[in-house]
Structures are given as structure tokens and as C-alpha cells.
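Structure first, then comments.
The values are calculated or read from the model by the stated rules, or taken from the named source; none is laboratory data. The model shown is predicted, which means the values in this text are computed figures rather than measured ones. SASA here: full protein model, heavy atoms, side chains in, ligands and nucleic acids out. Shrake-Rupley method; radii C 1.70, N 1.55, O 1.52, S 1.80 Å.
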Amino acid sequence: MMISNIRENGEPIGALPDGEMMFHHDMIHSAMPSKATLLYSVKIPSKGGNTLFASGYAAYDSLDPQISQQARGKTGASPL
């Protein structure tokens, strides 16, 4: 899938133009989500366009113990 903010003849050339793709992680809804998502850049701006990384493990580890106890055993997978 090409993601681009480039327009040709006034029309976007990418599948998700103009910043429509914010934070995401592919397949997070699956019972066995992938450990990483890769975004390969062909052309990058001279400034801006930074990629940031976040750790779900670090976020969970920093939770208040009472909240992590409530979350233990829960999943984000939707039942079919």
C-alpha cells in the first residue's frame, strides 16, 4: 500500500493521503498480534515526518498495581 501526501493533477496518488494514517499497529486485534509493524520509506522529507516507537510492555509495567491486576488475563481480541 502506498501512503503519500503527493498529489498529481489535484488527486492524491497514495492510498492514505494528507496525514490520514496516524498511529496504528497492524493485526493488534488478532489473538497472536505481530511483534512489530514495519514502514519502509522510499522518499522522506528533509524535516518532520518522524517515526516514534512505543512499548506496550513498558506501558503495562508502569500501571498502578491495582489497575494491572484488573487488566491481567484480559485481551484486546474481539470475539467472533
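Numerical summary
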{"item": "Test: residue in the range 22-33 that is at pLDDT below 70, in a loop (DSSP other than H, G, I, E, B) and farther than 30 Å from residue 73 by Cα", "result": "no"}
{"item": "Filtered residues of the range 36-64 (kept if modelled with pLDDT of 85 or more and open to solvent by less than 100 Å² (accessible area, probe 1.4 Å))", "result": "58, 59, 60, 62, 63, 64"}
